[in-house]
Amino acid sequence: MTYLDNAATSFPKPESVYQALDAFARHDLANPGRAGHKMALAAERALDDCRHLLNQLFHGKEPERFVFTLNCTDALNMAFKGVLIAGDQVITTDLEHNSVSRPLRAMELAGHITLTRVRADSGGTINPDDIRRAITKQTRLIAMTHASNVLGTVQPVAEVGRIAREHDLLFLVDAAQTAGVIPIDVQEMSIDLLAFPGHKSLLGPTGTGALYVGRRPRSLPGVRAAPAAIPPARHSRGSSPISSKAARPTCSASPGWRRAFATFKKRGWRTSTPMRSR
Ligand SMILES: Cc1ncc(COP(=O)(O)O)c(C=O)c1O
């Protein structure tokens, strides 16, 4: 069989991913963060390792700012429902996947927000100046894809991020088609919320994704505490040093995950994944 659906979910995964998953399922598959026994600590370490690796990969502010989700759709919904309040205007584009356009449209139909869709040019690219022109006093969020899943066109997110900062707006990027393909630096690109899947070009298993939440969403008036900005819970018993920064100032990923990460890096952040899906 020739598998051609990589932009929906990648297959096959590198051998090191299968090995890491197999070893994890055989030896460490306990409840993380709820007990002090060896397997629970190992499971917690795997989560913590993954947060550290993601923080390195996307140059995040802290590993604790990555919330694991079911997929990219889940991360996007979490972001919209976490930061938008009644009366907000959201600026988005006509290039968005259903996972962005449908929840936003539902919130618009419910009378919760107003929505402005900026149109791409004939080449399939958004002009940042069109976004700037769409900003009003009610705008809270600019939400856009990093690359269109239909056209493959990569969008000027760093420029749009700069505009968002200039106007003190939140900036959300849907990196479903770029995480693991194109380098993303959330600080340099002024990204406040980065939603991405683990199961596409990051080459992880299905049922994985994450939302990065920067420091700004929480500080804006009226915005609920975004889940990722809440510090990791303290354990009632068998308290593990894993989440303590003093104990683990740098990433110390387990050999399996480190191998998977190295394979990924060796590919020059690229896979054969075409920028297209469904
Ligand atoms: C641009 C874009 N955003 C979001 C998604 C949703 O990703 P997931 O399948 O992880 O929910 C996809 C899926 O193909 C996509 O292409």
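Kindly list the residues of the stretch 44-64 that lie in the label zone of GLN187, defined by a backbone N under 17 Å from the point 7 Å along the Cα-to-C-beta vector. Counting only backbone N, you get 52-64.
The listed residues LYS200, LYS38, LYS61 rank as LYS38, LYS61, LYS200 when sorted by accessible area, largest first, using a 1.4 Å probe. Note on the stretch 128-153 and the stretch 29-68: Cα centroid distance 32 Å, given to the nearest whole angstrom.
Around the amide H of ASP88, modelled in the peptide plane, lie the amide H atoms of THR114, all under 5 Å away and 5 or more residues distant in sequence or on another chain.
Estimated at the nearest 10 Å², the accessible area of ARG216 is 40 Å² with a 1.4 Å probe.
Restricted to Cα atoms, the stretch 60-107 shows a radius of gyration and a Dmax of 12.2, 32 angstrom. Modelled this way, with points 7 Å down the Cα-to-C-beta line, the labels at THR114 and GLU15 are 5.9 nm from one another.
With Cβ to Cβ distances under 14 Å as the rule, what net charge do the other residues near PRO156 carry (K, R +1; D, E -1)? So the surrounding residues net to -3. With q set to 0.14, 0.15, 0.17, 0.23 Å⁻¹, the log10 of I(q)/I(0) for the stretch 31-113, from the Debye formula over equal scatterers at the Cα positions, is -0.67, -0.73, -0.83, -1.07. Under 20 Å Cα to Cα from LYS200, which aspartates and glutamates show up? Leave out anything in the same chain fewer than 8 places away. Hits, sequence-local ones excluded: ASP5, GLU15, ASP22, ASP49, ASP74, GLU96, ASP174, ASP185.
So if the hydrodynamic radius of the stretch 1-144 is defined as the Kirkwood radius over C-alpha pairs, what does Stokes-Einstein give as its diffusion coefficient at 10 °C and 1.306 mPa s, in µm² per second?
Roughly 85 µm²/s, to the nearest whole number.
The values are calculated or read from the model by the stated rules, or taken from the named source; none is laboratory data. Keep in mind that what you see is a predicted model, and the values were worked out from it rather than measured. Virtual Cβ from ideal backbone geometry, glycine too; neighbours counted across all protein chains shown. The area values use the complete protein model at the heavy-atom level, side chains included, leaving out ligands, DNA and RNA. Shrake-Rupley method; radii C 1.70, N 1.55, O 1.52, S 1.80 Å.
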